[in-house]
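Student: There's a structure below that I have some questions on.
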Amino acid sequence: MEDKLERILHLLDSLASESARGIPILVEGRKDVEALNALEIRGDVIAVKTTGKNLLDQLGEVEERGKGEVVLLMDFDRRGKELTKYLTLCLEKMKIKPNTVLWKKFRSLLRRDVKDIEGLPSYIETLKGKIGRI
């Protein structure tokens, strides 16, 4: 359990490093943005599904930022997987590199324990409580 927590924290550090380099992070919704803020991931975090705009408009805004890469961090469920595939195709057509490495690592590490980004902060707190690191 402690090993799992360390690996999650390491992935979060990697995510924070990407963000600090100015790489935008795409998540599904507003609560996912709030969860990353709670985990002290700052920077350009973009919710692609909750702004009232359609997905293509959102991708247009991503393109306007002029970044050659974005980190995709969708939820870990079936819909999140499908959205990741769709966004990957769209971004590649726009000549923007979709980075899914961290998403894949989180997904395989968390498996069925956490289904979405918004559940990550409470899951980390639960793990810390179980191993006495609060």
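Student: How large is the helix-only mean residue ellipticity at 222 nm for the chain, computed as the sum of -39500 (n - 2.57) over DSSP H runs with n ≥ 4, divided by its residue count, in deg cm²/dmol to the nearest 500?
Tutor: Taken over the chain, the calculation gives -17500 deg cm²/dmol.
Student: Which ³J(HN,Hα) values, rounded to whole Hz and listed in residue order, are derived for the stretch 54-68 from phi using the Karplus coefficients 6.51, -1.76 and 1.60 in 6.51 cos²θ - 1.76 cosθ + 1.60 with θ = phi - 60°, glycine and proline given as x?
Tutor: 7, 4, 5, 5, 4, 5, x, 5, 4, 4, 5, 5, x, 8, x
Student: In nm, give the distance between the simple-model label positions of ASP3 and SER122, each being 7 Å from the Cα along the Cα-to-Cβ direction.
Tutor: Once both label points are built, they end up 2.8 nm from each other.
Student: Let me ask something else. May I ask for the net charge around LEU89, where only other residues with Cβ less than 14 Å from the Cβ of LEU89 are counted and Lys, Arg are +1 while Asp, Glu are -1?
Tutor: +3
Student: Applying the Karplus parametrisation 6.51 cos²θ - 1.76 cosθ + 1.60 with θ = phi - 60° to the phi angles of the stretch 110-127, what ³J(HN,Hα) value in whole Hz is obtained for each residue in order, glycine and proline being reported as x?
Tutor: These are the phi-based 3J(HN,Hα) values: 8, 6, 9, 5, 9, 9, 8, 5, 5, x, 5, x, 5, 5, 4, 4, 4, 4 Hz.
Student: Here's something else I'd like to know. GLU92 versus ASP57, label points 7 Å from Cα toward the beta carbon: distance in nm?
Tutor: Rounded to a tenth, the inter-label distance reads 2.8 nm.
Student: Mind listing the long-range amide H neighbours of VAL71? Cut-off is under 5 Å, sequence gap 5 or more, other chains count too, H placed in the peptide plane at 1.01 Å from N.
Tutor: Amide H neighbours of VAL71, under 5 Å, 5+ apart: ILE25, LEU26, ASN99.
Student: Show me, bin by bin at 5 Å from 0, the whole-percent P(r) of the stretch 10-134 based on Cα pairs.
Tutor: Going out from 0 Å in 5 Å bins, the stretch 10-134 shows 2, 11, 21, 26, 21, 11, 5, 2, 1, 0 percent.
Student: Add +1 for every Lys or Arg and -1 for every Asp or Glu among the other residues with Cβ under 15 Å from the Cβ of MET74, and state the total.
Tutor: With Lys, Arg at +1 and Asp, Glu at -1, the neighbours total +4.
Every number here is computed from the coordinates shown, using simple stated rules; none is lab data. Computed from a predicted structure; not experimentally measured. When we count neighbours, we look across all protein chains shown, and the Cβ atoms used for this are built from the backbone with ideal geometry, even at glycine.
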